[in-house]
Amino acid sequence: MESPVIQLLVLAGIAVFLILRLKSVLGTREGFEKPIAPPAERPSKRPEFEVIEGGPDQDITDYVPEGSAQAEDLAAMKKVEPSFQVRDFVQGARGAYEMILMAFERGELDDIQPYLAPDVFDSFVTAVAHREDQGLTIEADFIGVRETTLTDTSYDSVTGEAQITMRFVAEMTSAVRNSAGEIVEGDPKAIKRQKDTWVFGRTMGSSDPNWFLVATDA
């Protein structure tokens, strides 16, 4: 009967032989062998937006319909002046509306003259002077702008003259007092809704970045 030690040595030799044969068959991965495909990535729940060259300009389509005459005007303005952003203009117009409106109500026109076209400034001066001749003053408080809408545009590619029409809906309190301090119109505690349509103009590509109020239509 063979010794147990000899049997163990025989079995170990067989195991080593099988391991070497298995390795020669499987080999190692190198060269141009096809790599193991990575596990499929789980789709992201957050959509990724890709900017497509030549696609619609969201800075424009956020305010006017794509393909409209207004969209074409705004695109032409941006072509002449690439730094022009409709979003920034709308925000600036909103701030200018409050500043100009309240300056007019209080009769403080000197501060807003740089933002008004000459004929608009003259009409404001005439209105305030007429009010003062009657001994009237306005007590007003601005609550806030509730709606800001870009309603129309125009652009002359020859002169570079651009106009953008904005419609504002604001809330404010207003009361008119006579020379004796008596209220003759309005209520200083009642909030009223103010609706205005204003036109801002500017020469695109000019060194002056300011837009001017060129027309009002309350």
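Could we say that T173 is surrounded by fewer than 17 Cβ atoms within 10 Å (Cβ to Cβ), farther than 29 Å from I60 by Cα and among the hydroxyl-bearing types (S, T, Y) here?
In short, yes.
Within region 81-92, is there a residue that is assigned to a helix (DSSP H, G or I) and within 30 Å of E182 (Cβ to Cβ)?
No - not one qualifying residue is present in region 81-92.
Residues of region 153-201 being of a type outside the set (F, W, Y) and more than 30 Å from H130 (Cβ to Cβ), which ones?
The answer is T153, S154, D156, S157, V158, T159, G160, E161, A162.
Got a sec? Which strands (runs of 3 or more DSSP E) wholly within region 106-218 have at least 1 residues that are out of contact with any helix residue (DSSP H, G or I) (no Cβ under 9 Å at 6 or more places or on another chain) and either among the polar types (S, T, N, Q) or farther than 21 Å from V64 by Cβ (or both)?
137-155, 161-177, 183-203
Can you name every residue in region 138-163 that is hydrophobic (A, V, I, L, M, F, W, C) and within 20 Å of K78 (Cβ to Cβ)?
Answer for region 138-163, where residues must be hydrophobic (A, V, I, L, M, F, W, C) and within 20 Å of K78 (Cβ to Cβ): L150, V158, A162.
For region 58-80: of the residues being assigned to a loop (DSSP other than H, G, I, E, B) and buried (at least 16 other Cβ atoms within 10 Å of the Cβ), which is nearest to the chain's Cα centre (by Cα)?
So, considering only residues that are assigned to a loop (DSSP other than H, G, I, E, B) and buried (at least 16 other Cβ atoms within 10 Å of the Cβ), the one nearest to the chain's Cα centre (by Cα) is Y63.
Do you know which of the residues in region 124-162 that are in contact with a Ser or Thr (Cβ under 8 Å, 6 or more places away or on another chain) and of a type in the set (S, T, N, Q) is surrounded by the fewest Cβ atoms within 10 Å (Cβ to Cβ)?
Result: T159.
No value in this document is a laboratory result; all are computed from the given coordinates. Given the structure is predicted, the values throughout are model-derived calculations rather than measurements. Here Cβ is always computed from backbone atoms with ideal geometry, including for glycine, and neighbour counts include all displayed protein chains.
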